[in-house]
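Okay, structure first, notes after.
The values are calculated or read from the model by the stated rules, or taken from the named source; none is laboratory data. Predicted model only: the values in this text are computed from it and were never measured. No Cβ is skipped: glycine too gets one built from the backbone with ideal geometry, and neighbour counts run over all protein chains shown. Surface accessibility is based on the protein's heavy atoms, side chains included, excluding ligands, DNA and RNA. Shrake-Rupley method; radii C 1.70, N 1.55, O 1.52, S 1.80 Å.
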Number of protein chains: 2
Amino acid sequence: MGSLNMPPLDFDAQKTPHIADLRSPQCRNCDIVREIAFCADLSPDEVKRLATVRCHAALPASFTVFREGDEVDHVYSISAGAVKLYKLMPDGRRQIIGFLFSGDLFGLGIDGGYCYTAETITPTHLCRFTHRKLDSLIAEIPRLERRMFTMAVKDLVSAQDQMLLLGRKTAREKVATFLLRLSRRSIQMGLPPSPVALPMSRADIADYLGLTIETVSRTFTQLKRDGIIGLPASGHCIVNDWEALRELAEGG
Amino acid sequence: MGSLNMPPLDFDAQKTPHIADLRSPQCRNCDIVREIAFCADLSPDEVKRLATVRCHAALPASFTVFREGDEVDHVYSISAGAVKLYKLMPDGRRQIIGFLFSGDLFGLGIDGGYCYTAETITPTHLCRFTHRKLDSLIAEIPRLERRMFTMAVKDLVSAQDQMLLLGRKTAREKVATFLLRLSRRSIQMGLPPSPVALPMSRADIADYLGLTIETVSRTFTQLKRDGIIGLPASGHCIVNDWEALRELAEGG
DNA sequence: CGCAAGTTTGATTCTAATCAACGCTGGTGG
DNA sequence: CCACCAGCGTTGATTAGAATCAAACTTGCG
């Protein structure tokens, strides 16, 4: 793991190119661009235009894309894979702000640097745009502005749900809610609702739900003993009793 | 109080007009519109145009503007006063999503209804626009779209900070962070950083910070005993030791 | 195979919640 | 005018849920 008190990552030491070395001209015009959520309803011409400003990178797992405080320069879109966004406190306490998957956008921020760190969970394909190019693109295709706004509002709504979870739910309720969210996200990506893929570690889940590793582990075990879920292999979770899980999640 | 399990408010039973009865033509062209944050840099003509679509209402304290689940029809801007936004669980557990003040906007949401309840804390002056009129306004003044987007991103950043607070901070750290935020907000409104006004009840603070009333009360008392703050009168808090408060807030 | 990292399980501690009582304040009505 | 009451806030005693501390187990990899 080592994300908690690791020295700044030396990108070059990793077995992949430094993401900053990728330039648009070097990027092949692959069709992954179609998967970018905010251009889902663009015309072929517009997609082509988009392709000229984006560049694409394949990153390994546990790769830090940018850190909290880094100068904001790019916006990223996930073509495939999974990314976590997190904030750290000076003493190492960590809060994961979100788990992102295929189609999700990140890297928005206000002046003064990114306000979270972004790190891949699994090997991940990213598309990247500079804010400058994105702006000129928006000038060409004004619809994009509305689309970005809608996405920000959606993120805001999710964040508010997460506040309720963190502030008022018990460990059991938190885990149940988490599983249901991942399941819904699976459906959204065209996968079956169960088994739910859990690409992230227990530590990640704990830092997302405001719990400790041990409590997350115990809660999974407990839900399994209650017959509500099954844990066939690490990284996967079968839901046996949707009704019970839903009721639990809402505190019923 | 009674916000937890009150029957749906009968607006007419209150001593103020039902907010839904207010129509644009009836609204005087008061200059309060200038205080709407998202039109701060508009030209006089544009402000005049804005005035034709907004309408204005003075509401008493503890007035429910809309409820979670209500059909989304309007966007609101606070001219003066304070509003809280909250979510409820079926069993009455409550999470306050945010405290809003003069200049703040609320009522954004996605299809399917508002995702929180909005209630005044103090007597409050609100401006209101239908989403429809706001859309036509945005068509006229495209700058507004960017402005709304920026505001949504700011809210998102705040929400992410709140996740860190709820998930990883101790009671002391939560209260310290809360006081610093209110103080910063005071400055932003042109008021001195201290004394910090606390128009909301202990119950509201508790439901905002993911604590109980008793813990909030005890923590205030403790910070007072430590000489970090003073509590001269209910509703106000003096900060004696900014450095200590800041250090506490960050977990130093 | 052996090691390191991640996960599970168990024992104990601790923070904040719960339960309970009391005091303050502001509004109401006798 | 003052007594009463309701709502809010504070304080104290006890409990509970999750954290911490500790150890064993599992998994994946060189």
Residue B:248 being more than 13 Å from DNA strand D (Cβ to nearest atom) and farther than 21 Å from residue B:99 by Cα: yes
Within segment A:143-173, how many residues turn out to be at the interface with chain B (Cβ under 7 Å from one of its Cβ atoms), closer than 16 Å to residue B:155 by Cβ, of a type outside the set (Phe, Trp, Tyr) and more than 16 Å from DNA strand D (Cβ to nearest atom)? 10
Here's a check for you: in segment B:99-114, which residue that is out of contact with any Asp or Glu (no Cβ under 8 Å at 6 or more places or on another chain) and surrounded by fewer than 20 Cβ atoms within 10 Å (Cβ to Cβ) is nearest to the other protein chains (Cβ to nearest Cβ)? B:110
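Which of the helices (runs of 4 or more DSSP H) contained wholly in segment A:197-252 include at least 2 residues that are within 13 Å of DNA strand C (Cβ to nearest atom) and out of contact with any Gly (no Cβ under 9 Å at 6 or more places or on another chain)?
On the way: elements: A:202-209, A:213-225, A:242-249.
Because the criterion is at least 2 residues that are within 13 Å of DNA strand C (Cβ to nearest atom) and out of contact with any Gly (no Cβ under 9 Å at 6 or more places or on another chain), the helices (runs of 4 or more DSSP H) in segment A:197-252 that meet it are A:202-209, A:213-225.
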Going residue by residue through segment A:52-71, is there one that turns out to be part of a strand (DSSP E or B), at the interface with chain B (Cβ under 10 Å from one of its Cβ atoms) and within 30 Å of residue A:179 (Cβ to Cβ)? no
Residue list for segment B:121-135, restricted to those being touching a residue at least 12 places away in the same chain (Cβ under 8 Å) and more than 30 Å from residue B:200 (Cβ to Cβ): B:133
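So if I check each of A:182, A:166, which one is in contact with a strand residue (DSSP E or B) (Cβ under 7 Å, 6 or more places away or on another chain) and part of a helix (DSSP H, G or I)?
Values: A:166 fails: in contact with a strand residue (DSSP E or B) (Cβ under 7 Å, 6 or more places away or on another chain).
Just a single option satisfies the conditions, and that option is A:182.
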Taking residue B:161, is it at pLDDT 95 or above and away from DNA strand C (no atom under 16 Å from the Cβ)? yes
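For (1) touching a Leu at 6+ places or on another chain (Cβ under 8 Å); (2) more than 15 Å from DNA strand D (Cβ to nearest atom); (3) at pLDDT below 95, each residue gets a yes or a no:
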site	(1), (2), (3)
A:175	yes, no, no
A:192	no, yes, no
A:197	yes, no, no
A:202	no, no, no
A:210	yes, no, no
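Which residues, taken from segment A:115-142, are open to solvent by 60 Å² or more (accessible area, probe 1.4 Å), closer than 29 Å to residue A:63 by Cβ and within 12 Å of chain B (Cβ to nearest Cβ)?
Step one: of segment A:115-142, the residues open to solvent by 60 Å² or more (accessible area, probe 1.4 Å) are A:123, A:125, A:132-133, A:135, A:139-140, A:142.
Of the ones still in play, those that are also closer than 29 Å to residue A:63 by Cβ are A:123, A:125, A:132-133, A:135.
Selection gives A:135 alone.
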Can you name the residue in segment B:174-212 that is surrounded by fewer than 17 Cβ atoms within 10 Å (Cβ to Cβ) and within 14 Å of another protein chain (Cβ to nearest Cβ) and is also farthest from residue A:88 (Cα to Cα) among such residues? B:203
When segment B:57-84 is examined, which residues are found to be open to solvent by 40 Å² or more (accessible area, probe 1.4 Å) and charged (D, E, K, R)? B:67, B:68, B:70, B:71, B:73
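Please go through segment A:142-173 and give me each residue that is among the basic types (Lys, Arg) and farther than 14 Å from residue B:97 by Cα, ordered by number. If you could, list the steps in order and put the result at the bottom.
We begin by selecting, within segment A:142-173, every residue among the basic types (Lys, Arg); these are A:143, A:146-147, A:154, A:168-169, A:172.
Hits for segment A:142-173 are A:143, A:146, A:147, A:154, A:169, A:172.
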Residue B:149: passes all of (1) open to solvent by less than 60 Å² (accessible area, probe 1.4 Å); (2) without any contact (Cβ under 8 Å) to a residue 40 or more places away in the chain; (3) under 16 Å from the mean Cα position of the chain (by Cα) but (3)
If you go through segment A:219-230 one residue at a time, how many are surrounded by fewer than 15 Cβ atoms within 10 Å (Cβ to Cβ) and within 13 Å of DNA strand D (Cβ to nearest atom)? 2
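Restricting to segment B:15-51, give me the number of residues that are part of a loop (DSSP other than H, G, I, E, B), more than 23 Å from residue B:114 (Cβ to Cβ), at pLDDT 50 or above and not hydroxyl-bearing (Ser, Thr, Tyr).
Step one: of segment B:15-51, the residues part of a loop (DSSP other than H, G, I, E, B) are B:15-18, B:22-23, B:27-30, B:36, B:40-43.
Add one more test, that the residue is more than 23 Å from residue B:114 (Cβ to Cβ), and what stays is B:15, B:28-30, B:40-43.
Applying the additional criterion that residues be at pLDDT 50 or above yields B:40-43.
Narrowing the set further to residues that are not hydroxyl-bearing (Ser, Thr, Tyr) leaves B:40-42.
The number of residues fulfilling the criteria is 3.
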